Structure formats: C-alpha cells, structure tokens
Amino acid sequence: MSTPHQYCITPKDPGAHLFEVTVTVARPNPSGQIFTIPAWVPGSYMIRDLARHFVSIRADVDGQEIGLTKIDKSSWQADACDAAITLTAEIHAYDLNVRGAHLDTTHGFFDGACVFPAVVGQEDHVCELEIRPPAGAAGSEWRVATSMQVVKAGQYGFGTFSAEDYAELIDHPVEMGDIQIGEFEAGGIPHVIAVRGHVHFDMARICHDLSTICTYQLKLLGTPKNFDRYVFLLYVQQDAYGGLEHRWSCSLACSRANLPKRGESGISRKYRKFLTLCSHEYFHLWNVKRMRPEKFTPYDLRAEIHTGLLWVFEGITSYYDHLVLVRSGLISEKSYLEHIARSITRLTQTRGRFRQTIEESSFDTWTRFYRQDANSSNAIVSYYTKGSLIALALDLTLRKESDGKCTLDDVMRECWSRYGEATEGMPERGLETVARAVSGLELADFFERFVRGTTDLPLQGLLREVGVNLHMRPADDSKDVGGRPSAEDARPPPWIGAKLVERAGVSKFSVVHSGSPAEKGGIAPGDVAVALDDLKLNASTLDSRLREHHVGDAVTISVFRDEHLIRFTVRLGAPPEDTCYLELESDPDAETEKLRTAWLTGN
C-alpha cells in the first residue's frame, strides 16, 4: 500500500491574502519528482493558468533546501533524491469567485485546484490534508465547512481530512470563517448549507426548500454509490451569482436580495433564482460529476479537452433545474412557463443561433463562450440556454411520439445506468444512442437539425401538444426580457438593433446586432452615445428618444469614438417579434391535459 501524500494549508498572512501550502511525498521519483498545478478548474471550461498565483515555491529534504527547476508554465521538477521531499508554496488568494481562492482577515475559501500541487505520476495516492487556523484570535473563532472526509477534527473545526486520490482532493472546496450552518436530510442523507456573508435570512425555510429539491432529484435518478453527505457552500454579497459543482458539494455565490427573510411567504423571483442555482448544481451530482463525457475520462487539467457534449451536461441540467422546482411544488406552473418563455426570448434575441450549432458551441467553449467579445451575440449560441430548450423539445417529442410512454426522464435514467460512475464515460453520440434505444423512435433527424444544425426548434407546435400556447411579440422596451404579455399601454419603440449600457456614468453601445439599422448606419460596439437628433442620448433615454420617431425615419446619432465626434444616419426599423410569452390553454381536451400533467408533475 502506498504512503499517503501529506498536504497542509495554512492562512499564513490573511492581511496579505497569502495561503501557505505544503505537500510531503514519502517516495518521490528518484530521477527528480515533478509537481504541477492545474491550468483549469473542472466544471469551468476556460484555461486559468492557476500557477500564476504562486508567489514562491521551494523543495526541502530533511530540512535542507534542494534544487527546484521550473520546466513549464505550471510545473516544477525537484533535484534527484532518495528521501522524502516537502514542497512549500505561498499562494496569493484574492480571487473572489466560486472557481478561485480568496483569503482576507474575515475568511478563507479555496477550490483545491487553485492551491494544491499534483505529484506527477502519483496522482492515485491517498491524500491527507491538514487545514490549520490563522494565528491570533481568528483561529479560535473561525469554523470550517467542507465535504471532505474527517480524519481528526471537531465538527466544523480545523484538523485533518482525507481524500482517496488527487482528483478527489481538489474536488472538495473549503470555506473557513464566520459561517452560519443549516442542516437537513434528503433521502436519509445528511446535507449542510454553510453561509458566509453579512446577511439576515430564513435559514429554516431554505433548509426545508433545499430538502424538497434534493429529495426529488434523488428519487428521479437514484442515490449515487458512496454518497453519504452533501455540502452547499454559499457566499453572500451585494451583487453576485454563480456556482460550481463538485461530487459531494457545490460552491455558490448569490446576492443578499436572493435569500428569503424571516416572515416572508411565497417564492419571489429573486428567491426562485437562488433555488434554481442550488437545483442546477445539485443535478450535477449525476450529470457531469459522475456521468461525464468520455473525453473527460480522465480529466487532463493541463490543457483544453474538447467535447461536443457540454449541451447535454449543462443544457439538460439547465432544463431540469427549473422543472424540478415546479414538479416538487415549490413554484407554480405559471412561474415555470414564464421561465421557459424568458429562455426562448434569450435565444431568439441571439443572432449567433444561425451561425453556430449547439455541438460547436460545446466544442468551442474554451475559446468562444468563456471569452466573449463584442460580436459574440452575432456569432455564438449558449449551450446552457439553447441546450435547455433542446432538452425541452426532446422531452416533448418523446412524449408526443410515444403517446406518453417514454420521456427524457427515462432517457436520463438509462444514461445514468450505462455511464454513471462508469470508467469509460459517455461517447460523443451516447445520448442519441440511448434515446433511440429507450424510445424505439428514429430520432436522427431531430439531432441533425437541432444539435448539428442551426434550425430553430419547433417549440410552438410541441408546446401546443401539452396545452401551452406560445406567443411572440416585439419587446416593450430595451429592458423587456419576456415571459409575460405586453403591458396594455405598451408602445414598442422603433428598432435600432443595438444595446446601450451605462457604466460609471458613461453610456456605450455594447452589442450591435448583425443586419440591424445600427450596424448598417455605422455604429460600432464601444461607441460612446452623445445625442440622437441633437438631443442628449444615454442608456436611460434611448427608448423615449426612439419613441419620438416612427419606423422608417432617418435619425442622426452622434457618438464619441476614440474621442472623435462622429455622426451617423440610421434608418429605424420595425421592432422584431423576438420576445416570448406562454399561456396555458384554457380548455384542453382530456388527452392534452393528461400529457401536460405528466410533464409538469413527473407522474
């Protein structure tokens, strides 16, 4: 049996945001042990070059420093030796997001990929981790929250923890500091939510609602092997939103406004957003953390791994995150349909859906989705948004063509049975193969048109089959995100086809849609708005200025570009019908009602 690697992390200087990390390797490679830092974080498909945060690194044998040579941007090789090596590194931790590491005098947080070097060639060894407190009074006041297995530590305390290998070591994020703890069970399994941030909220209600969500998902797909605990790590701040999945936990960030206050009832739109985030990351327990693309088996954290399946693992998860809420009774059917309509609106307002397939979007995420520029809306499509709507279309297609005998639930359960926790992972056409096998339907045309093609999804007809009417209309104004009918007094402004946003008191054109009046007139992203027909123009006045004109009018828009004043003539167009809302059919027949009920309840 191999000797465990001994890791230790200490908040060495919180004021300077410095963690100290050590790893002791009992039997290093005698020709010179190599240590490396991941270039990216599993679940976030962008090269981050995490080694850039390492401010110092050295190697010691029996207390004596030995040579350590940097051999590439994120790897070091120690001099040859035949005794235990201890690598010591200082890491600057001031990346305040769920994929990073952050340390100050109030708390510490890290994703393991950001702070723990891998022992190359020995990544399969057991790893023991000692988490030490900061010096001073904070050391006695801070608590620790992580899903890692405890070796020797008090409840929510500092101490020693264990992971079966390096991959697991970096799959348990850690939060330390002044943490509020909520505990609940789902499926008989202990769950914890650990909350950091100055916020007053209804912890009991959150625990109840999360238990409802988690219990439903465990029943839907079944309890994974060795799943004995789960931790939601939540950082609350003034303006934040995001999450990252792990096998036994997730890291979340949200705004204070997203959490319910004591005494409040009902599910507000902001609280629904928080519950959806939790539902999304929890669904990843199955979909990507255990059942994952064949290309990700195993992960190579040194370079990009390309797969056309991210729409399956993120898009289908995005479909279920809201569906679980309505099926478990937390939100109404009306609220759920509003969400779908907003997703349809986001897609139809994206010109890139005609340029990039969802399979290409998945494959190119490293260089395009996570590195967007001014033209991204015209050139790419989100595998989250369109992926969720493909999942909806596939689910409704299966229900329709099989007379309700086969659903996407059945397909996902069979995918889990074949690929869940399997060593080979899902092949690039694995979902398609399973869908055809489970349903008995010939679905080649569906996947060719909507996954490997850019044809718009036939959602209007599919939704009509379950008694839901899809309507498209012009946007009421530049802030209209859809989901509801137009206001009675709505008067959509003529279309310019550009977004104007204000930052630090300056209004700039951020997106100029391809083929739009603004593009044809010469306006470019980054132009600073000055005036429309010699009247002051900014983000707050754009709609009202446009409403003073009619479709077909030629207007003069003045902008600053690189401090030069330029005037453009723009001929205003008719506002496109790209904003969606859905309505339940008032008097569906019995069969339609049956299909809709089965879809929205899962029964």
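Coordinate-derived values only; no laboratory data. Note that the structure is a prediction, hence the values are computed from the model and not measured. Note that we place each Cβ from the backbone using ideal geometry, even for glycine, and neighbour counts take in every protein chain shown.
For this structure, a couple of remarks:
- Cα gyration tensor, the stretch 396-538 - rounded (a/c under 1.5), prolate or oblate: prolate
- Neighbour counts of other Cβ atoms within 10 Å put Glu359, Glu488 in the fewest-to-most order Glu488, Glu359.
- Distance from the alpha carbon centroid of the stretch 383-455 to that of the stretch 344-380 works out to 22 angstrom.
- Span from the the stretch 84-134 Cα centroid across to the the stretch 169-189 one, whole angstrom: 18
- Applying Stokes-Einstein at 4 °C and 1.567 mPa s to the Kirkwood radius of the chain, computed over alpha-carbon pairs, gives a translational diffusion coefficient of 49 µm² s⁻¹.
- Along the axis of the charge dipole computed for the chain (Cβ charges of +1 for Lys and Arg, -1 for Asp and Glu, origin at the Cα centre), the listed residues Ala444, Gly467, His198 are led at the positive end by Gly467.
- Exposure proxy order (Cβ contacts within 10 Å, fewest to most) of Tyr45, Tyr383: Tyr45, Tyr383
- The stretch 181-285: radius of gyration over Cα atoms, expressed as a fraction of 2.2 N^0.38 Å: 1.01
- Prolate/oblate/rounded call for the stretch 12-91, Cα gyration tensor, a/c under 1.5 rounded: oblate
- Protection proxy ranking, peptides 191-197, 540-546, average beta carbon neighbours within 10 Å, highest first: 191-197, 540-546
- Cα gyration tensor shape for the stretch 382-431, rounded if a/c is under 1.5, else prolate or oblate: oblate
- Sites Leu443 and Leu584, calculated FRET efficiency, Cβ-Cβ separation with R0 30 Å, nearest 0.05: 0.60
- Relative contact order of the stretch 1-178, defined on C-alpha pairs under 8 angstrom at six or more residues apart (%): 26
- The magnitude of the dipole of the stretch 181-285, with charges of +1 and -1 set on the Cβ of Lys/Arg and Asp/Glu and taken from the Cα centre, is near 200 debye.
- Listed from fewest to most Cβ neighbours within 10 Å, the set His564, His322 follows the order His564, His322.
- Convex hull volume of the C-alpha atoms in the stretch 1-178, normalised per residue: 115 Å³.
- Cα-only Debye scattering, the stretch 498-571: base-10 log of I(q)/I(0) at q = 0.28 Å⁻¹: -1.63
- Span from the the stretch 267-322 Cα centroid across to the the stretch 560-599 one, whole angstrom: 26
- In the calculated pair-distance distribution of the stretch 114-224, the portion above 24 angstrom amounts to 40 percent of the Cα-Cα pairs.
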